[in-house]
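First the structure, in the form of structure tokens, and then the observations on it.
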Number of protein chains: 2
Amino acid sequence: MENKRVLKIVKALSDSTRLKVLGIIGKKGEISCQELIKYFSLSQPTLSHHFNKLIEAEIITSRKDGTIYLYNMNYELLENYGININKLLTNY
Amino acid sequence: MENKRVLKIVKALSDSTRLKVLGIIGKKGEISCQELIKYFSLSQPTLSHHFNKLIEAEIITSRKDGTIYLYNMNYELLENYGININKLLTNY
């Protein structure tokens, strides 16, 4: 099970859009879905797909504030798995 | 270019066989191709494909000693990218 967990995390990281999402969250901190979408020229369903992959892998957290979804990096999880995400994404 | 580098590394990690290869190298240290193959029930061409993915991403190094290929973990590269591979693969 733990092996599947690791694989899920690295698979979630293995996409240029998702790495860009993480690069933005790493720099900006907690960010709303609406704000995050502005950085991309992709459709909202496509972006939602990518956000969900990151949420399912628990790489980012999602919370609702009124009607707004806010995303943040789950540094604790990443550190537990030996991943320094901001170092990985220095150039993102 | 740097972004492509990061993506190449995480894509190379995104496979259960390759994670198992890294788990073995992480525990055993430098290991011959022949020795490594014994841990798997996959064909040699399939395994060679996986080894090459890891070598191309520079996650493992390869050197030839006589007729034997020896593989080792490229800890320096992984650390430069913020990846503590032995922590990631604790359970592999």
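Report yes if residue A:37 is more than 10 Å from chain B (Cβ to nearest Cβ) and surrounded by 19 or more Cβ atoms within 10 Å (Cβ to Cβ), otherwise no.
No.
Of the residues in region B:62-92, how many are assigned to a loop (DSSP other than H, G, I, E, B), more than 8 Å from chain A (Cβ to nearest Cβ) and loosely packed, with under 14 Cβ neighbours inside 10 Å?
Of the residues in that region, 2 qualify.
Residue pairs, Cβ under 6 Å, 6 or more apart or interchain, first in region A:38-64 and within 20 Å of residue A:77 (Cα to Cα), second outside any helix (DSSP H, G or I) and open to solvent by 40 Å² or more (accessible area, probe 1.4 Å). List them.
A:55/A:62; A:61/A:72; A:62/A:69
Suppose the filter is under 30 Å from residue A:85 (Cβ atoms) and of a type in the set (A, V, I, L, M); does residue B:42 pass it?
No.
Quickly run through region A:51-61 and pick out the residues that are more than 14 Å from every other protein chain (Cβ to nearest Cβ) and either assigned to a helix (DSSP H, G or I) or on the phi > 0 side of the Ramachandran plot (or both).
Hits for region A:51-61 are A:51, A:52, A:55, A:56, A:58.
What residue, among those in region B:13-30 that are away from every other protein chain (no Cβ under 14 Å) and not in a helix (DSSP H, G or I), is surrounded by the most Cβ atoms within 10 Å (Cβ to Cβ)?
Step by step, filter region B:13-30, then rank; the result is B:30.
Taking region B:19-53 only, how many residues are touching an Asp or Glu at 6+ places or on another chain (Cβ under 9 Å) and of a type in the set (Gly, Ala, Ser)?
1
With respect to residue A:47, determine if the residue is in a loop (DSSP other than H, G, I, E, B), under 25 Å from residue B:2 (Cα atoms) and either within 14 Å of chain B (Cβ to nearest Cβ) or modelled with pLDDT of 95 or more (or both).
Spelling it out, it is not the case that residue A:47 is in a loop (DSSP other than H, G, I, E, B), under 25 Å from residue B:2 (Cα atoms) and either within 14 Å of chain B (Cβ to nearest Cβ) or modelled with pLDDT of 95 or more (or both).
The values are calculated or read from the model by the stated rules, or taken from the named source; none is laboratory data. Predicted model, so just to flag it, every value in this text is computed and none were measured. All Cβ positions, even for glycine, are placed from backbone atoms using ideal geometry, and neighbour counts span all protein chains on display. Areas reflect the complete protein model, heavy atoms only, side chains present, ligands, DNA and RNA absent. Shrake-Rupley method; radii C 1.70, N 1.55, O 1.52, S 1.80 Å.
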